[in-house]
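Visitor: Please find one structure pasted underneath; my questions will follow.
The values are calculated or read from the model by the stated rules, or taken from the named source; none is laboratory data. Since the structure is predicted, the reported quantities are computational estimates derived from the model, not experimental observations. So basically every Cβ, Gly included, is an ideal-geometry build from the backbone, and we count neighbours across all protein chains shown. Heavy atoms of the whole protein, side chains included, go into the accessibility calculation; ligands, DNA and RNA do not. Shrake-Rupley method; radii C 1.70, N 1.55, O 1.52, S 1.80 Å.
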Amino acid sequence: MKIEYVSGSNVVSLLPRRNDMHFPALKTVEAYWDGLRNGRPVPARSEIDPRGMQSALEYAFILERIALGVARFRLAGMHLTDLMGMEVRGMPLTAMFVPESRAKISEALEAVFETPQITVITLKAERGIGRGAMDAQLLLCPLKSDLGDVNRVLGCIQSKGEIGRQPRRFEVVEVQSRPLLSDNPTEQSFATTPAGTPVPAGFAEAKKAYDDHTAKGTDKKTDHPQASIPQRPKGKPVLRLIKAEE
């Protein structure tokens, strides 16, 4: 497999040069997504403008993560409708795959969201009466939501061969991925909240400090978080009823 190095950038394309003419839509979508990054690991969903990848729109789609390893179509081009013989919006991505390959797709999806990473999956359609040979490739590029977490995907699927009878479902042949963050945690940049809680480069909401008030009130002499917390009165609790005269 040839790895293409893009001139003037240290971004490495996952798409082999020989597949450019077979699946040009994937190259277009990947280049558009990469342009949106502007030095960041992951662009935002709100930045997507269909005009930027107009030649590949019929093959493009946007997924929304709804559960562990599960994402549904929010938007989808006409090529996906042609492959399935129906509108795919609202359907899970795994609906386009044979049962034996759905676990692999779920695993790849989860890695795209969690790592995050960009993934290209080589596919082969199942065959049968009225369903001839068909090859395809699937591209998955992560996107951030307005809240900053990675739970969207800009994707593309393009096939080569006659669609024939619908629906056409696929099996996974090969998965290629590229993590978008450094493998070395010390090289990653982290912002922090006022309480000192790390925010990993905008990919997840910061976890709340265990007790912000406790942290601020820590006794510097003892460094004991309980030192500044008022102690509960000892002894038998007393309830006093005060009756006001009308």
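Visitor: ILE118's amide H: which non-local residues (gap 5+, or another chain) put their own amide H closer than 5 Å, with H modeled 1.01 Å from N in plane and none for Pro or chain starts?
Guide: Placed amide hydrogens put ARG178, LEU180 under 5 Å from ILE118.
Visitor: Follow-up. I need the phi-derived Karplus couplings for the stretch 91-106: 6.51 cos²θ - 1.76 cosθ + 1.60, θ = phi - 60°, integer Hz, Gly and Pro marked x.
Guide: 7, x, 4, 5, 5, 8, 10, 5, x, 5, 9, 5, 5, 5, 5, 4
Visitor: Would you please put 64-77, 102-115, 45-58 in order of how densely packed they are, using the mean number of other Cβ atoms within 10 angstrom per residue and starting with the highest?
Guide: 102-115, 64-77, 45-58
Visitor: Separate question: Can you tell me the accessible area per residue over the stretch 85-177, all protein chains present, probe 1.4 angstrom, in square angstrom?
Guide: Per-residue value: 43 Å².
Visitor: Using mean Cβ contacts within 10 Å as the protection proxy, how do 135-146, 29-40 order, highest first?
Guide: Order by mean packing, descending: 135-146, 29-40.
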